[in-house]
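Undergrad: Pasting a structure below so you can have a look.
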Amino acid sequence: MPSTVPMAGTLQIAAALVFHLPGARLELTSPSGDRCSIGPMTDPRCTLHPAEFRQLVLAAANVPMLGTMLGLALTEEPTLTLTSSGVDMEHLGGGLYRVAGCETTSYAFTTSLPAGQVDDILTSLNTVPDVERATDGPDASHEEGVAMCASLVRDDGLGVTLVAINPLEVADHPRCEAVARASVSACLVAEMEQLTRGLDDVPSQTHY
């Protein structure tokens, strides 16, 4: 029987993105081709609100149980596609999304790290050559740098932190994207280090 642990992580990430990203829409497709569209109820394509989907993911112990709750036969993991509803959204790779709203463009990604640790990582990027710091306020610009805002939203239920970074000036979009990519990479490295430490802490068994 295949493990459902990787799929559970994918579902949590998808639920966090569609719930916390304004204008996001999630398409869930079962192996048999049945579909469920999650997003704002102002979008006629959506049949399930993001808050409802989040609660179902939290309540489901595995993928088949989630399928039962949704009225779908999910004997295998479904296909999850994050699209948009009223905004321009593009996956840039590595779990980084470009979200162009009416007033600003932001770069968003998720991580399992707690918000405090993510904040430390973003701050430490200031010490990396040729990468400007991603900050959490409009007054944090510096000479030859770039001013931007970083918003951290921790969803303890899903175990996910949503990170959204946006520049304060239109001309700074390219550098903001570079910072966002560096942030994704730094968080991924921290996640891998955390996982490695957890494996190292598992006591080994000696057989005689």
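Undergrad: Report, by residue number, each residue of segment 145-201 that is part of a strand (DSSP E or B) and open to solvent by 30 Å² or more (accessible area, probe 1.4 Å).
TA: If the condition is that a residue be part of a strand (DSSP E or B) and open to solvent by 30 Å² or more (accessible area, probe 1.4 Å), then Cys149, Ser151, Leu152, Val153, Arg154, Asn166 are the ones that fit.
Undergrad: For Gln55, only one of the following conditions fails: (1) free of Cβ contacts under 8 Å to residues at least 12 places away in the same chain; (2) closer than 14 Å to Leu21 by Cβ. What is its number?
TA: With respect to (1) free of Cβ contacts under 8 Å to residues at least 12 places away in the same chain; (2) closer than 14 Å to Leu21 by Cβ, Gln55 is out only on (2).
Undergrad: Could you grab me the full set of residues in segment 24-59 that are assigned to a loop (DSSP other than H, G, I, E, B), of a type outside the set (Ser, Thr, Tyr) and either more than 21 Å from Asp155 (Cα to Cα) or open to solvent by less than 20 Å² (accessible area, probe 1.4 Å) (or both)?
TA: Pro31, Gly33, Asp34, Gly39, Met41, Asp43, Pro44, Arg45, Cys46
Undergrad: Pairs please, first residue from segment 65-84 and at negative phi and open to solvent by 40 Å² or more (accessible area, probe 1.4 Å), second anywhere and of a type in the set (Asp, Glu) and assigned to a helix (DSSP H, G or I), Cβ atoms under 9 Å, 6+ apart in sequence or on different chains.
TA: Short answer, once both residue conditions are applied: none.
Undergrad: While we're looking at this one, here's another question. Tally the residues that are within 23 Å of Met41 (Cβ to Cβ), crowded, with 18+ Cβ neighbours inside 10 Å and in contact with an Asp or Glu (Cβ under 9 Å, 6 or more places away or on another chain), restricting the search to segment 85-125.
TA: The qualifying residues number 3.
The values are calculated or read from the model by the stated rules, or taken from the named source; none is laboratory data. Because the structure is a prediction, the values reported are computed rather than measured. Note: ideal-geometry Cβ built from the backbone for every residue, glycine included; neighbour counts use all protein chains shown. With ligands, DNA and RNA removed, areas are computed over all heavy atoms of the protein, side chains included. Shrake-Rupley method; radii C 1.70, N 1.55, O 1.52, S 1.80 Å.
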